[in-house]
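I have a structure here, written as structure tokens, and I will follow up with some questions on it.
The values are calculated or read from the model by the stated rules, or taken from the named source; none is laboratory data. Here the structure is a predicted model, which is why all the values come from computation and not from measurement. When we count neighbours, we look across all protein chains shown, and the Cβ atoms used for this are built from the backbone with ideal geometry, even at glycine.
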Amino acid sequence: MKNDPSWNPYLKSLLLIAAASLLGEGVQRFLAPANLVMLYLLVVVVSAIRWGRGPAVSASFVSVLAFDFLFVPPRLTFSVADSQYLLTFAGLLIVALVISALAAQARDRAIEANQREAQATLLYNLSRNLAAAYDLKAVLEILGDHARQIARNEVALFLPEDSALKVCYKTPGFFIGENETAVATLAFQKDLTTGGGTETLPSSGARYLPLKTTQGISGVLAYKFEAALDEESERLLQALANQAAVAIDRALLAEKAHQIELLQETEKLQKLLLNSVSHDLRTPLVSIKGALSSLLEDGALDPKARRELLENAYEESDRLNQIVGNLLDMTRVETGLVKMVKKPCDLSDVIGVSLQQIPKERIGKHPIAIHISPEFPEIFMDLSLMIKTFVNILDNALKYSPADAGVEINAKIVHDHAEIEFTDHGIGIPSKDLTRIFDKFFRSEHSHTVPGTGLGLAICKGIVEAHQGEIRVESRLNQGTRIVVSLPLSQAQNKSNAK
């Protein structure tokens, strides 16, 4: 911080001298004139501490003149009756100048210490905020905010993208046109500070600082240049530019690492999909081909054997159709292509149609108990999608239960949602697998003896969430599983239920 160049501090020091003179006038009858010198020395010290070296030096000279004029006989003149007062004047002036120099120096050091503290605090906050930000957008916002504080003007950040330099962050008042981009590109390519106040394109309305790391130039920081910044701000901006380069490189590396991780996960998922689907598709195809081959090669088969082969081929084709349907449904759910047509639906009808779509052989001897109150309200839903959901849940309950184990379906109202519970008494799900049971292609090791692709519950989750609902699972190993589908009721339904 520089001393105030205006006349205001000088005026204030003169007012202090006037105040000291008035005080001296009040006490001069009790003190010798030489003792009044201390009042003026106090004024010099205060001026040096408060306003710096210039006002303190001027206060030193004016104090000598005021002391001579007001208190040295003959008073109200600059004449001196006793020549010894000349020594007093010289002593007052020298002491005042020394005190003013020392006090001003102490003030300057205090100001520098405060500036260093503020600089250290700003850089510490910058480092702390950057350390907590791993997203490139967040890093750029932090850098832009701090750069704007230091430059006290509008700023922008340019980063290389597709072999060109593009603005990735800017404050609202920073206009970016072709000229600005061209100057930033020059700073990036030449590793040179360009723009206002430099030798390169000084007429530009902004200054451009390359962001350097040991690996090269990672970008360009620009700020509007209206007047040269003070030395401290220039150093702070340079320090920020150095940190910005490192932070941007780190954020870009983190994004690349995340993309690599996503690619690895995608590759892993593709392998899992290929292994799972190829096996599940091949099994029914082999069965169908074997049945048809037997029918073609052996014309002497009795009617019973022929019918068994045809029924087996039909069941396997139905299973194959279900697998392909699940794959298509999962694709539609993931890509957001599920088109819903919601309308009020009676839950009993939805469950009845769902049970009809499950092969009788799958239901077998499983007793299915349905408990739905006659007053249960209609639910707004997409009928075909919800039937698909219930079919998948019921199919799982039947597949993973003993041949004579029952399945219960209960419906109730909980606050503003309808909850439909599907409870079986089958093999259950290990607790460690409960958090992943709705993941695509996930199958518990406990259930690998039962054929399946691991898509059914993932499809259910996507459909239920598309209805702004929730699906959850509760299970105990070898005791059974309960899957709860929670669907929101309409406002009209909520009001009628409240009555």
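Please go through segment 481-499 and give me each residue that is at pLDDT 90 or above and either out of contact with any Ser or Thr (no Cβ under 7 Å at 6 or more places or on another chain) or aliphatic (A, V, I, L, M) (or both), ordered by number.
Ile483, Val484, Val485, Ser486, Leu487, Pro488
Check Asp191 against each of (1) touching a strand residue (DSSP E or B) at 6+ places or on another chain (Cβ under 7 Å); (2) crowded, with 18+ Cβ neighbours inside 10 Å and name the one condition it does not meet.
With (1) touching a strand residue (DSSP E or B) at 6+ places or on another chain (Cβ under 7 Å); (2) crowded, with 18+ Cβ neighbours inside 10 Å applied to Asp191, the lone miss is (2).
Out of the residues in segment 7-43 that are in a helix (DSSP H, G or I) and polar (S, T, N, Q), state the one that is surrounded by the fewest Cβ atoms within 10 Å (Cβ to Cβ). Lay out the reasoning, then the answer.
Applying the first criterion (in a helix (DSSP H, G or I)) to segment 7-43 yields 8-27, 33-43.
Those still in the list that are polar (S, T, N, Q) too: 8, 13, 21, 35.
Values: Asn8: 11, Ser13: 26, Ser21: 21, Asn35: 13.
Of everything passing the filter in segment 7-43, Asn8 is surrounded by the fewest Cβ atoms within 10 Å (Cβ to Cβ).
Ok, one more. Output the number of the condition that Ala206 fails; it satisfies all remaining conditions of (1) touching a Leu at 6+ places or on another chain (Cβ under 6 Å); (2) modelled with pLDDT of 90 or more.
(1)
Suppose the filter is out of contact with any strand residue (DSSP E or B) (no Cβ under 7 Å at 6 or more places or on another chain), farther than 30 Å from Leu159 by Cα and modelled with pLDDT of 75 or more; does Leu327 pass it?
The answer is no for Leu327.
In the list Ile393, Ile409, Ile372, which residue meets the criterion of being closer than 29 Å to Met340 by Cα and in contact (Cβ under 8 Å) with a residue 60 or more places away in the chain? It would help to see each step written out before you state the result.
Numbers: Ile409 fails: in contact (Cβ under 8 Å) with a residue 60 or more places away in the chain; Ile372 fails: in contact (Cβ under 8 Å) with a residue 60 or more places away in the chain.
Being closer than 29 Å to Met340 by Cα and in contact (Cβ under 8 Å) with a residue 60 or more places away in the chain holds for just one of Ile393, Ile409, Ile372, which is Ile393.
Is one or more of the residues making up segment 143-164 out of contact with any Cys (no Cβ under 6 Å at 6 or more places or on another chain), of a type outside the set (S, T, N, Q) and modelled with pLDDT under 75?
So far as segment 143-164 goes, no, none of its residues is out of contact with any Cys (no Cβ under 6 Å at 6 or more places or on another chain), of a type outside the set (S, T, N, Q) and modelled with pLDDT under 75.
Out of Glu419, Glu375, I need the residue that is loosely packed, with under 14 Cβ neighbours inside 10 Å and acidic (Asp, Glu). Which one?
Criteria check complete, one pass: Glu375.
Being touching a residue at least 12 places away in the same chain (Cβ under 8 Å) and farther than 17 Å from Leu93 by Cβ is the filter here; which residues of segment 25-39 pass it?
Glu25, Gln28, listed by residue number.
Yes/no per residue for (1) assigned to a strand (DSSP E or B); (2) touching a strand residue (DSSP E or B) at 6+ places or on another chain (Cβ under 6 Å); (3) without any contact (Cβ under 8 Å) to a residue 60 or more places away in the chain; (4) among the acidic types (Asp, Glu):
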| position | (1), (2), (3), (4) |
| --- | --- |
| Leu398 | no, no, yes, no |
| Ala403 | no, no, yes, no |
| Ile429 | no, yes, yes, no |
| Gly454 | no, no, no, no |
| Glu465 | no, no, yes, yes |
| Val484 | yes, yes, no, no |
| Leu487 | yes, yes, no, no |
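Across segment 48-63, what is the total count of residues that are assigned to a helix (DSSP H, G or I) and touching a Lys or Arg at 6+ places or on another chain (Cβ under 8 Å)?
Residues that pass the stated criteria total 5.
Pro344 - would you say it is closer than 25 Å to Asp416 by Cα, touching a Phe, Trp or Tyr at 6+ places or on another chain (Cβ under 9 Å) and not in a helix (DSSP H, G or I)? Don't jump to the end; show me each part of the working.
Values: closer than 25 Å to Asp416 by Cα: yes; touching a Phe, Trp or Tyr at 6+ places or on another chain (Cβ under 9 Å): yes; not in a helix (DSSP H, G or I): yes.
So Pro344 passes the test.
Within segment 44-74, can you find the residues that are modelled with pLDDT under 75 and surrounded by fewer than 16 Cβ atoms within 10 Å (Cβ to Cβ)?
Listed by number, the list holds a single entry, Pro73.
Here's something else I'd like to know. Regarding segment 473-480, can at least one residue be identified that is among the acidic types (Asp, Glu) and either in a strand (DSSP E or B) or modelled with pLDDT under 70 (or both)? Let's see the steps before the verdict.
Filtering segment 473-480 for residues among the acidic types (Asp, Glu) gives 474.
Next cut, either in a strand (DSSP E or B) or modelled with pLDDT under 70 (or both) only: 474.
Checked segment 473-480: at least one residue is among the acidic types (Asp, Glu) and either in a strand (DSSP E or B) or modelled with pLDDT under 70 (or both).
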